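**Q** One structure coming up, written as structure tokens, with questions to follow.
The values are calculated or read from the model by the stated rules, or taken from the named source; none is laboratory data. Quick caveat, the model's predicted, so the values are computed rather than measured. When we count neighbours, we look across all protein chains shown, and the Cβ atoms used for this are built from the backbone with ideal geometry, even at glycine. In case anyone asks, the SASA skips ligands and DNA or RNA and just uses the protein heavy atoms, side chains included. Shrake-Rupley method; radii C 1.70, N 1.55, O 1.52, S 1.80 Å.
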Amino acid sequence: SSSPSKQIHAAISVPKLPSIRFSVPKVPTKSLPLELNTRDGFVNTTPFEKNVIGSETRPVQESSSVAMATVQLYAILESVVDRVEIHNNVGQQRENWNALLLNSINMITLTAATMAGVTATGDAGISVLGLKLASTLLFSAATGMLVMMNKIQPSQLVEEQRNATRLFKQLQGQIETLLAIGSPSKEEVKDAMEKVLALDKAYPLPLLGVMLEKFPESLEPAVWWPKTQSQKTNKQKHSNGKVESNGWTEELELEMRQVVEVIKRKDSEDYERLGNKALKMNKVLAASGPLLTGIAALGSAFMGPSNGPWAAIMAAVAGALASAVNTFEHGGQVGMVFEMYRNNAGFFK
């Protein structure tokens, strides 16, 4: 027998699960320092070191070089301030030299001349040995002191120290301005150092061996700036052959050339002419003073009854003239006038 087959169809409906999307964070394309600097919409200017193949920017190294240049400029500034104080003190000391030596030599010369005059007015029986020896020694001492004083020219030394102090103060102001502006470069440090060394060479402090020539053949303008200083050109030529102007025009250059010609014809020429006159006068006075005191010393050495009053008269007159010449030379500071003309000529140069 056969039984009917029953088929059971069962449909199981499984509910669909909701689709869940997981967001995977993207890999940042910016470097971490740059990402930190530009976070929250703000741009931070903190320097960072970024290495790129083919080109490297190293702000950290640049800031380090600026810091080193700043430290070096502060060291140079300290030396410049110290030199300003030294030159000022030395200038005052040499000004005292001029006044003390002038007064001392004049007192010695006039005392010896008075002794010689007293000897000339005395009778033949009066012993003149004491006055003769004293006046001879005093005239000889005055001659030696005058030779030394005329050789070093204290008034001229004072003017040198005044100019050195003024130039070092200018350099001090320039360095302080560089430090106030900030970001000094190595070239500025090198330029400041060259100026310090050039001023030290142009206005030396010691006298023996390095003293400036007090009686040159002719006036030469004082040159103190560095001779190795690079001269900046008005125009720069590039590799393509073009010339980039820096703002100067032909009219301005023509006017500047005319100004330079006027300075050469009037200012520089006048100062050189007056400086040469002061130099000649100083040479004559520097030679006349010791010569007169030497004549007075010889006259006082030959004073006595056998030679009559003429030797004593010659000693007294020569001593008085020597005192007048010495007063005119060092009291009038002829050496300082010559040094002033020389520095002014150098300024215009």
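**Q** From the P(r) of region 267-349, can you give the percent of Cα pairs sitting at distances over 15 Å?
**A** Every Cα pair in region 267-349 considered, those over 15 Å come to 63 percent.
**Q** Sorting LYS283, LYS195 by accessible area (1.4 Å probe), largest first, what list results?
**A** Result of the area sort, largest leading: LYS283, LYS195.
**Q** Tell me, what is the 1.4 Å probe accessible area of MET340, in Å² to the nearest 10?
**A** Number for this one is 70 Å².
**Q** Follow-up. Leaving ligands and nucleic acids out of the surface, order LEU321, LEU101 by accessible area at 1.4 Å, largest first. Don't skip to the end; give the middle numbers.
**A** Values: LEU321 90, LEU101 30 Å².
Largest accessible area first, the list is LEU321, LEU101.
**Q** Further question: Using 0.36 nm per residue of separation minus the Cα-Cα distance, give me the extension gain between ALA75 and GLU255 in nm, one decimal.
**A** Extending this stretch completely gives an extra 60.7 nm.
**Q** Let's test the formula: R0 of 41 Å, r as the Cβ-Cβ distance of LEU208 and ASP270. What FRET efficiency results, to the nearest 0.05? Before the final figure, lay out the partial values.
**A** Values: r = 35 Å, r/R0 = 0.84.
About 0.75, to the nearest 0.05.
**Q** Which order do TYR271, TYR203 take when ranked by solvent-accessible area (1.4 Å probe, heavy atoms of all protein chains), largest first?
**A** The residues order as TYR271, TYR203, largest area first.
**Q** Can you give the FRET efficiency for TRP248 and ASP191, using 1/(1 + (r/R0)^6), R0 = 35 Å, r = Cβ-Cβ distance, to the nearest 0.05?
**A** Step by step, r from the Cβ atoms, then E = 0.95.
**Q** Nothing charged except the Cβ atoms of Lys and Arg (+1) and of Asp and Glu (-1): what's the magnitude of the dipole of region 238-349 about its Cα centre? Round to the nearest 20 debye.
**A** 520
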